[in-house]
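Report on one structure; see the data block that follows.
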Amino acid sequence: MWLCWVYDAITNFAPLRLNVAIGHARGMLHLEQRLHIDPELTLDRWLAGHHTLGLILSDYYDNAHFVVTLGLLGYLWWRRTDLYRPLRNALVLVNVLAFVVFWLYPVAPPRMLGGFTDIVASTHAFGSWHTGALASAANQLAAMPSLHMAWAAWCTLALWRITERRWVRGLALLYPCMTAFAVLATGNHYMLDLIGGLVTMAVSVAIVSIVSNASSASVVHVTNLLRSP
């Protein structure tokens, strides 16, 4: 709930930072073009010509993000308490780090730049955060880092730890790949956003692991001291 409150507070300032976010977006796209890692416009124009596929990917973009992540989180809480706490902490930290970047460096998504089509809006996707009542509740200037990508990577990690079944792990690896294609083709993220999301996820997991190991070591140390004659 407090994460939602922080997100909403940042969202309230988004209209005042639109010009800055557009400038950051153009700079990011220019950097990608120089690095030759800019498939966004090509994918967006291709998807704009395939309405049915665009609708499917838009529905996926709007809904899988929440359903899969929160579903896995609920499963961990209910059935795998041994894994729940560290994975929950990593997911919380992912959002905290992302919110810091959203505040310090707002970036508009590609769909807000000239030449791009807002596929989610044009297909009238179910649960769209781009149009209607939900639009005002979403931060439209939060492209970097991609929480879609970070959450998808978290889901992969969670499934990898939950089971050793190959087909499940195969789906776990496919999920972030599908998410990456969806967010790029619908004009919602840049390639650098995806990289930023993966880095944010990796940093969060590393911090949680370091803190957890340090806490465990401290507990062991205190226990040994109490046992000493």
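The values are calculated or read from the model by the stated rules, or taken from the named source; none is laboratory data. All values derive from a computational prediction rather than experimental measurement. Cβ: placed from backbone, ideal geometry, glycine included. Neighbour counts: every protein chain shown. The protein model used for the area step is the full one, side chains on, heavy atoms only, and it has no ligands, DNA or RNA in it. Shrake-Rupley method; radii C 1.70, N 1.55, O 1.52, S 1.80 Å.
Brief remarks on what is shown
- C-alpha center-to-center spacing [the range 142-201, the range 30-93] in angstrom: 5 Å
- Surface share of carbon and sulfur [accessible, 1.4 angstrom probe, percent] for the chain: 68 percent
- Each label point was placed 7 Å from the Cα along the Cα-to-Cβ direction; for Glu32 and Ile195 their separation is 1.1 nm.
- Where only DSSP H runs of four or more residues are counted, the chain gives -25000 deg cm²/dmol as its mean residue ellipticity at 222 nm, each run worth -39500 (n - 2.57).
- Degrees separating the helix 18-35 axis from the principal Cα axis of the chain, which is the longest one: 90 degrees
- Per the Debye calculation on the chain with a single equal scatterer at every Cα and no solvent contribution, log₁₀ I(q)/I(0) for q = 0.11, 0.16, 0.17 Å⁻¹ amounts to -0.59, -1.16, -1.29.
- Of the peptides 155-162, 207-214, the ranking by mean beta-carbon count within 10 Å, highest at the top, reads 155-162, 207-214.
- Computed on the range 1-144, with alpha-carbon pairs under 8 angstrom and 6+ residues apart, the relative contact order is 42 percent.
- Charge-dipole axis of the chain as Lys and Arg at +1 and Asp and Glu at -1 on Cβ define it, positive-most pick from Ala152, Val20, Val168: Val168
- Rounded to the nearest 10 degrees, the inclination of helix 51-79 to the longest alpha-carbon principal axis of the chain is 10 degrees.
- Protein heavy-atom accessible surface, 1.4 Å probe, per residue over the range 1-144: 56 Å².
- Highest average packing first - 72-83, 92-103, Cβ atoms within 10 Å: 92-103, 72-83
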